[in-house]
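These notes are about the structure you will find just below.
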């Protein structure tokens, strides 16, 4: 868990560092799509790990999130001063929409998993019913055979 968090933090740091370098060298923020995507994917994963689980070091998670907040503040300034007007607001809207889409995909995956589990339970129940019926029929046949043999 800790190694994965360190890897995610390293990924976020490398991505934001690349964005800063691109902007410092006169490149447009729009040329940094891959790096920004890596940064926000890592940030999202760090937030998931830090908030609900409670495992690992709470202090590490706190400082990792604080570092990400600082980096995002720097990114905001880059978008405001080096990007086009309204870019930061558009970026926030884009992030919110992407989060909504990820949440919907996760919800659909949970629904599919639950349906699959229900289907497995149904198949197992049908199997138990069939086996029970066959055992019952076998017992009845055995009873008739036994009765026929004992009548002689």
**Request:** Report yes if residue 78 is closer than 23 Å to residue 10 by Cβ and either surrounded by 10 or more Cβ atoms within 10 Å (Cβ to Cβ) or within 25 Å of the chain's Cα centre (by Cα) (or both), otherwise no.
**Result:** yes
**Asked** Which of (1) free of Cβ contacts under 8 Å to residues at least 24 places away in the same chain; (2) surrounded by 10 or more Cβ atoms within 10 Å (Cβ to Cβ); (3) in a helix (DSSP H, G or I) is the odd one out, the single condition residue 84 does not satisfy?
**Response** (3)
**Options 64, 106, 89: the member that is under 30 Å from residue 13 (Cα atoms), at pLDDT 90 or above, out of contact with any strand residue (DSSP E or B) (no Cβ under 9 Å at 6 or more places or on another chain) and in a helix (DSSP H, G or I)** = 106
**Request:** Of all residues in the stretch 23-34, count the ones that are over 16 Å from residue 73 (Cα atoms) and either surrounded by 19 or more Cβ atoms within 10 Å (Cβ to Cβ) or at pLDDT 80 or above (or both).
**Result:** 2
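The values are calculated or read from the model by the stated rules, or taken from the named source; none is laboratory data. Small disclaimer: the values here were computed from a predicted structure and weren't measured. Virtual Cβ from ideal backbone geometry, glycine too; neighbours counted across all protein chains shown.
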